[in-house]
Amino acid sequence: MIAMQLLGSLGLLIYGMRMMSEALQKMAGPQLRHILARMTSNRLTGMLTGMLVTCAVQSSSATTVMTVSFVSAGLLTLAQAISVIMGANIGTTMTAWIMSLGYSVDLTSIVYPAFLLGMVLIYKKRHRFVGDFLFGTAFMFLSLVMLSAAGKALDLEHSEAVISFFASFDTSSHLTILAFLGIGTLITCIVQSSAAVMAITILLCSTGVLPIYLGIALVMGENIGTTATANLVALGANTQARRAALAHLLFNVFGVVWVLIVFYPFVDMVCRMVGYEVAAPLSGPGGDTMGLALKTAGSAGTASVPMVLAMFHTCFNITNTAILLGFVPQIERVVCWLLPDKQEEKKEDFSLKYIQFNLVQTPEISVLQAQKETAAFGQRVAQMFAMVRQLFGETGAKQFAERYAQIAHEEELTDNIEAEIARYLDKVSNGHLSDDTKQKIRQMMREISELESIGDACYKLARTLHRKQESGKHFVQQQNEQLQALMALCDEALAQMNTVMRGRRDDHDIRETYRIEKGINELRLHLKTENARAVNDHEYDYVVGTLFVDMVNELEQLGDYVVNVVEARFGK
């Protein structure tokens, strides 16, 4: 039963931490996104941002995955991401201090009121994320109380078998330290939660059966094991994202290496900082004398053992960051050397540039990736229209056929891009989303539909020109000039659309798009009237006039699709 209580408490701890982290990300998601997206190349600013964001969401894995996603989406350079990850390693030490508090103070008096208040807020739609946060926090502290109770029930400090087992390890040997470091790394990789492993470590050290040196070795292993999350997430991402995840691993491995070199002096310094008396390292395997020494060491300062582990975690990450912050360019060169660009990534073909399906972690990151991909879609259809303008000016049959085939291929790609973005947004919409995020997804669904319609309009224009080419007919000089003027207005409309899609909508005025659309509509009416007069006056035959009107109508329709995209972006 005690074993079940321990496992259940660990499960509750992991669930509570995750629930609390997700609630914080949902409450502060837009702010976190804009803070990271506007990151400058200043290493110190990047480090502080990573630290503050991790303290806010209480998860270095969430911050690291978020950073990897931004690198994949092209919002952060690799150098910026490395500094953010360094800060995340400092911010994650807050979790150790919270757990230290949970072990040192009886929090049952606030846990149950937090459950009650959280339940009330969850049923109030407006404050449901605050309620989720309170629930997650209450679960986390309740699990710590349960772990502490289970630890006392185990009564390990009076178990001769357990004491003898841990006494068999020579704490003065670096091989023992390395073994426990490896155990900490392996367990953290398996359970994917450094918080759970930290809780086990605090439990064992608090009972006095696990020497503080071995407990700190486990904490060092947790630092390496926690990098597995980002590296697993980045496996199917682009090269830059994998480099960011690898930099996280190298950062922690380097820290562990230098700490191992000065292990005992460094640990003793940390213990003195919190007033913890460390017994002399035991110098040989097993025996009653060693068991007695362990008991004495355990009873000397068990109340401050969680503080020792939290302080070591903090000192380790702050010192490591202080050492490496000045070597970000060198770290960047190392990971670029270890993970060179792949040739296939440079090929020009259909592939989503910013969206990585395996990087769907939080709604804010997912929506941001989709927005970047939608903006890239807008650029693509603008380039497709530029191909139509080139086709309009082609005179050679071979060049015309090649350009027409290229436009037809692009039209197929626009269909695929729309379908892939829609599939991604549908996947994101299955999660628990805020009303603001739901609205953004609806807007993007409308945007990609209208962008695909622009691609269709471009293909229809190309087909009309293809019909003209096959018929052997030609537009007169006046018709060519009129169509060029109308195309220029459509080009302007597309450029304005892409400007709006790339930036923040608050920085733009939708009236500019309406002005261009008004110009397109007025010119269209004028050209149709002129065409009717010219056909009646036999300036050119009826077939040429029909082809001309088809071009004019399709260009005007393209302008309407552009307006629809901009209106969707503005939420109209």
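The values are calculated or read from the model by the stated rules, or taken from the named source; none is laboratory data. All values derive from a computational prediction rather than experimental measurement. Cβ placement follows ideal geometry from the backbone for every residue including glycine, while neighbour counts extend to all protein chains displayed. Each accessible area value is taken on the protein alone, full model and side chains, heavy atoms only, with ligands, DNA and RNA left out. Shrake-Rupley method; radii C 1.70, N 1.55, O 1.52, S 1.80 Å.
With the cut-off at 26 Å, tell me which of the pairs Lys460/Lys572; Lys427/Lys572; Lys372/Lys518; Lys372/Lys427 have Cα atoms farther apart than that.
Check vs 26 Å cut-off fails for Lys460/Lys572; Lys372/Lys518.
Please find the FRET efficiency linking Gln477 to Tyr542, where r is the Cβ-Cβ separation and R0 is fixed at 22 Å, and quote it to the nearest 0.05.
Working from the Cβ atoms, E equals 0.70.
Mean separation of Cα pairs under 8 Å and 6+ residues apart, divided by the residue count of region 370-483: what relative contact order is that in percent?
41 percent
In Å², and per residue, what accessible area does region 506-572 have when probed at 1.4 Å with the other protein chains present?
51 Å²
Which length gain, in nm to one decimal place, applies between His127 and Arg504 when the Cα-Cα distance is subtracted from 0.36 nm times their residue separation?
Answer, rounded to one decimal: 133.0 nm.
Provide Thr319, Thr437, Thr395 ordered by accessible surface of protein heavy atoms (probe 1.4 Å), highest first.
Result of the area sort, largest leading: Thr395, Thr319, Thr437.
How much accessible surface area, in Å² rounded to 10, belongs to the heavy atoms of Phe165 with a 1.4 Å probe?
That residue has around 110 Å² of solvent-accessible surface.
Got a sec? What order do Met387, Met220 fall in by accessible area at 1.4 Å, biggest, i.e. largest, first?
Largest accessible area first, the residues go Met387, Met220.
Enter the accessible area of His174 (Å², nearest 10), with the probe set to 1.4 Å and all protein chains included.
Near enough 80 Å² of accessible area.
Round to the nearest 10 and report in Å² the accessible area of Ser173, as given by a 1.4 Å probe over the protein chains' heavy atoms.
Looks like 30 Å² after rounding.
I want to check the label-to-label distance for Ala149 and Tyr264. Put each point 7 Å from Cα in the C-beta direction and report it in nm to one decimal.
Reported label-point gap for Ala149 and Tyr264 is 4.2 nm.
Keeping every protein chain in place, order Trp337, Trp258, Trp97 by accessible area at 1.4 Å, biggest value first, i.e. largest first.
Ranked list, largest accessible area first: Trp337, Trp97, Trp258.
Shape verdict for region 501-572, please, from the Cα gyration tensor: rounded (a/c under 1.5), prolate (a/b greater than b/c) or oblate.
prolate
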